[in-house]
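Structure first, then comments.
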Amino acid sequence: MTTLPSGPAAPKQPSLWSSALRIFDLSLGQMLWSRRSVFLGLVVGGPIVLAVALRLAEMSGVLFTFNRRRPAGAMIYGLMIWLLYVRFLVPVLGVFYGTALIADEIEDKTLTYLFTRPIQRAAVILGKYLAYLVCTVLLLLPSVVIVFFLVVPLGQGSTVAGLFPTLLTDLAMLALGLAAYGAVFAFVGARVKRPLLAGLLFALGWEPAVMLAPGYLKRLTVSYYLQALVRHDMPQDTLRGALLQVFREVPPLSTSLIGLAAIIGLGLWLAGRTVERREYVLEQ
């Protein structure tokens, strides 16, 4: 009995991670040199401009006083970390980049090209998320380093060498915050038709409102877990800061790390599952 020759073997589908790395390589350059990065780069440069202004005021002898004393550079730096980076820049970068991971491909009508490749759909969102993480880290962390070296030497009682370990902790904390917000908004971008509006409502509406109220709803926010990693005192010179101090419930460090890791893992899993199952209709 003769056997018929078998046909050519079907090409093996690449693994999830190898496919994600290809998407990462394709997306990183586009993301870094996009108009969004130029705009947000200017926004991230705002704290640097403020730090330069404070340094010039110190050099000219007109630095403002606080409670009849010039504030130490460490206190000013801590205020900037809380008010500008943790509460504003990290969520905003997560919103504008994370919600656009899939939305940009839909708007540019290039999603079909990606989805017809012999790779898993989840690899698209994973690779673009990795590109988002590298892009936002390259935008944000240099700003923090520059602000640190400009602001910390102001006044008396603080030195760059003495606070350098705090800088390293801040960089790690902010990178973790970018990872968590990015995972959340990657899911929002994959699931919601107008993700940017939904993301802004969550980051600048839902989270601040819930953090001011007692109860368990704040555990459904990223900022609840992120605030425990901030090593600076919470500002109390504003009404919002005073209210936050009253209702502040800081989870243990281990709980915060586990919570942020769970948010990242769950957000990416939901985003990948949504992309795998949803049919995207491109408008003509």
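The values are calculated or read from the model by the stated rules, or taken from the named source; none is laboratory data. Note that the coordinates shown come from a computational prediction; the quantities given were computed from them, not determined experimentally. Note that we place each Cβ from the backbone using ideal geometry, even for glycine, and neighbour counts take in every protein chain shown. The accessibility values were calculated without ligands, DNA or RNA, using every heavy atom of the protein model including side chains. Shrake-Rupley method; radii C 1.70, N 1.55, O 1.52, S 1.80 Å.
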Subset of segment 85-99 [under 22 Å from residue 20 (Cα atoms) and either open to solvent by less than 10 Å² (accessible area, probe 1.4 Å) or in contact with a strand residue (DSSP E or B) (Cβ under 6 Å, 6 or more places away or on another chain) (or both)]: 93, 94, 95, 97, 98, 99
Filter pass, residue 228 being surrounded by fewer than 22 Cβ atoms within 10 Å (Cβ to Cβ) and either outside any helix (DSSP H, G or I) or among the hydrophobic types (A, V, I, L, M, F, W, C) (or both): yes
Those residues of segment 14-44 which are within 28 Å of residue 120 (Cα to Cα), hydrophobic (A, V, I, L, M, F, W, C) and touching a helix residue (DSSP H, G or I) at 6+ places or on another chain (Cβ under 7 Å), in sequence order: 16, 20, 21, 23, 24, 28, 31, 32
So residue 214, is it in a helix (DSSP H, G or I), open to solvent by 10 Å² or more (accessible area, probe 1.4 Å), over 19 Å from residue 91 (Cα atoms) and of a type outside the set (A, V, I, L, M): no
Any hit, segment 70-84, residues being within 25 Å of residue 197 (Cα to Cα), open to solvent by less than 20 Å² (accessible area, probe 1.4 Å) and at pLDDT 90 or above: yes
Candidate set from segment 100-129 (those that are among the basic types (Lys, Arg) and open to solvent by 30 Å² or more (accessible area, probe 1.4 Å)); member that is nearest to residue 187 (Cα to Cα): 121
Test: residue in segment 122-132 that is small (Gly, Ala, Ser), touching a helix residue (DSSP H, G or I) at 6+ places or on another chain (Cβ under 9 Å) and under 18 Å from residue 45 (Cβ atoms): no
Residue, farthest from residue 140 (Cα to Cα), within segment 44-59, restricted to residues that are at pLDDT 85 or above and open to solvent by less than 40 Å² (accessible area, probe 1.4 Å): 54
Flag for residue 259 being in a helix (DSSP H, G or I), farther than 16 Å from residue 126 by Cβ, out of contact with any Ser or Thr (no Cβ under 7 Å at 6 or more places or on another chain) and modelled with pLDDT under 90: no
Unmet criterion (only one of (1) open to solvent by less than 50 Å² (accessible area, probe 1.4 Å); (2) at pLDDT 90 or above) for residue 35: (1)
Filter pass, residue 62 being of a type in the set (A, V, I, L, M, F, W, C), over 25 Å from residue 202 (Cα atoms), modelled with pLDDT under 90 and open to solvent by 10 Å² or more (accessible area, probe 1.4 Å): yes
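Results for (1) part of a helix (DSSP H, G or I); (2) in contact (Cβ under 8 Å) with a residue 12 or more places away in the chain; (3) in contact with an Asp or Glu (Cβ under 6 Å, 6 or more places away or on another chain); (4) surrounded by fewer than 21 Cβ atoms within 10 Å (Cβ to Cβ), shown as yes or no for each residue.
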{"position": "131", "(1), (2), (3), (4)": "yes, yes, no, no"}
{"position": "134", "(1), (2), (3), (4)": "yes, yes, no, yes"}
{"position": "140", "(1), (2), (3), (4)": "yes, yes, no, no"}
{"position": "143", "(1), (2), (3), (4)": "yes, yes, no, no"}
{"position": "148", "(1), (2), (3), (4)": "yes, yes, no, no"}
{"position": "155", "(1), (2), (3), (4)": "no, yes, no, yes"}
{"position": "162", "(1), (2), (3), (4)": "yes, no, no, yes"}
{"position": "167", "(1), (2), (3), (4)": "yes, yes, no, yes"}
